[in-house]
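Reviewing the structure listed below.
Please treat every number below as a calculation from the coordinates, not as lab data. This is a predicted model, so every value here is computed, not measured. Virtual Cβ from ideal backbone geometry, glycine too; neighbours counted across all protein chains shown.
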Amino acid sequence: MGFPHPARRLLLAALSALALATALAVPTGGTSSATAAQAAAVTFSDTFDGAAGSAVDGSKWQIETGDNVNNHERQYYTAGSNNAALDGQGHLVITARKDNPRNYQCWYGKCEYTSARLNTSGKFTSTYGHVEARMKIPRGQGMWPAFWMLGNDIGQVGWPNSGEIDVMENVGFEPSTVHGTIHGPGYSGSAGIGAGYTLPNGQVFADAFHTFAVDWAPNSITWTVDGTVYQRRTPADLGGNQWVFNKPFFLILNLAVGGYWPGDPNSSTTFPQQLVVDQVQVSTSDTPPPAAGGTITGLGGKCVDVAAGSTANGTAVQLYDCNGSTAQKWSVGTDGTIRALGKCLDVASGGTADGSLVQLYDCNGTAAQKWTVTGAKDIVNPQANKCLDATGNSSANGTRLQIWTCGGGANQKWTVTG
């Protein structure tokens, strides 16, 4: 996910042994697929209707209390409605405050912050379905909101064998990006498997409500933001490790302050900060999740585009103004391919020389169709050991893409969101 994702562990003093074991190892934690969700059966829903200042529905949620030494988070999670209350307008507001009204003690001494964490353990679990929350997240250095799930057998098998599905996490120093991740045996903590989703044009998640969701099926989890797919994971992504997501999970909502991953608040952080939750809903998913496909943007903010949206073999791949068309929807496969319109990004004639053009072509498994997306935002064809490149360092519409010796220039840097 591009940043170490440390495991969470929290003392859950308010929970029964059947709900969650104490000293529990728990790591971090427009409606997407709306048509599918509406056609399916709703199995859990909370729209947080109620009087302002009242606590959440105790038949659906329980409140966790305590601090979190293992992640070095700074907050103390309080009981009741002190930090998690309805606003009287159909929202749950989880508030992080820089206060300590009851002399709470944390791993580092007297706690500096209070916040809240809720879960459905012992009240609701689901195996598969469309799981979503519509929320407006907080802003500021050190803020760490999350909507996530844990395997209901965590009290018996422990974490990470229980599995964890992070539907959405945000760390305050990335105001435009959220992360989705899975954790399990052999791929937990900083080795969790996931991806980020970044809003276009410098938009910030804290400025508006967004819907964060997963479509979860046997051996498949697909993440969306506002209906846009940005990653799909299957057992093939685990490098031979065990897939532990074909069993019941429960839901968690929380707002952490500080920790190894987000870092602590600083002088730029203002309090209070709020995670405002409009709705949480789980429904059966008898309809397949939306097709995968995101954008690849490069020089000048232009999109990688299939010329005229043609599916003919040899169609030019170019830069063009981003327009949301299927000609600009690309998926990065675990087999090393990059695909659009049912075909593969291909180096013409299997060329390895500087200037070899790229095109759309039937997927055939050759090295001309293998690509590696690096953390440095290069897209490399390993056979040629060359980078995807905008010809002539141009961002003009229609600029052909080619491969060229990797030089680190802006014409070889790409942002992949699918």
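Straight-distance candidates among the lysines for linking to Lys377, with alpha-carbon spacing under 16 Å and chain neighbours fewer than 8 residues away dropped: Lys302, Lys386, Lys413. Highest average first, the peptides 196-203, 82-89 ordered by how many other beta carbon atoms sit within 10 Å of their residues are 82-89, 196-203.
Within a straight-line Cα-Cα reach of under 22 Å, Lys60 can be paired with the following lysines, leaving aside sequence neighbours fewer than 8 residues apart in one chain: Lys123, Lys136, Lys247. Normalised by 2.2 N^0.38 Å, where N is the number of residues, the alpha-carbon radius of gyration of segment 296-416 equals 0.92.
For segment 344-377, the residues whose backbone nitrogen is under 13 Å from a point 7 Å from the Cα of Thr405, taken along Cα to Cβ, are 353-355. Judged by the mean number of other Cβ atoms found within 10 Å, the most tightly packed of the peptides 183-193, 42-52, 389-399 leads the ranking 183-193, 389-399, 42-52.
Considering only Gln75, Asn219, Trp330, whose Cα is most displaced toward the positive end of the charge dipole of the chain, charges sitting on Cβ of Lys, Arg (+1) and Asp, Glu (-1)? Result: Gln75, furthest along the dipole toward the positive end. For Gln281, neighbours were defined as the other residues whose beta-carbon sits under 9 Å from its Cβ, and their charges (Lys and Arg +1, Asp and Glu -1) total -1. The equivalent ellipsoid of the chain has semi-axes of 41, 22, 20 Å, largest first, where each one is the square root of 5 times an eigenvalue of the Cα gyration tensor. Reported to the nearest whole Å, the Cα centre-to-centre distance from segment 295-345 to segment 88-123 is 45.
Computed on segment 296-416, with alpha-carbon pairs under 8 angstrom and 6+ residues apart, the relative contact order is 28 percent. When only the Cβ of Lys, Arg, Asp and Glu is charged (+1, +1, -1, -1), the dipole of the chain relative to its Cα centre reaches about 360 debye.
Per-peptide packing, taken as the mean over residues of other Cβ atoms within 10 Å, places 221-229, 294-302 in the sequence 221-229, 294-302 from highest down. Projected label points at Asp207 and Val69, each 7 Å from Cα along the beta carbon direction, are separated by 4.3 nanometres. Each of Leu86, Ser395, Leu341 was placed along the dipole of the chain (beta-carbon charges, centred on the mean Cα), and the one lying farthest toward the positive end is Ser395. Partner aspartates and glutamates whose Cα lies under 15 Å from the Cα of Lys329, excluding those fewer than 8 positions away in the same chain, are identified as Asp305, Asp321. Of the residues Asn100, Thr405, Phe250, the one whose Cα sits farthest toward the positive end of the charge dipole of the chain, with +1 on the Cβ of Lys and Arg and -1 on the Cβ of Asp and Glu, is Thr405. The charge dipole of segment 296-416, taken about the Cα centre with unit charges on the Cβ atoms of Lys, Arg (+1) and Asp, Glu (-1), comes to about 140 debye, rounded to the nearest 20.
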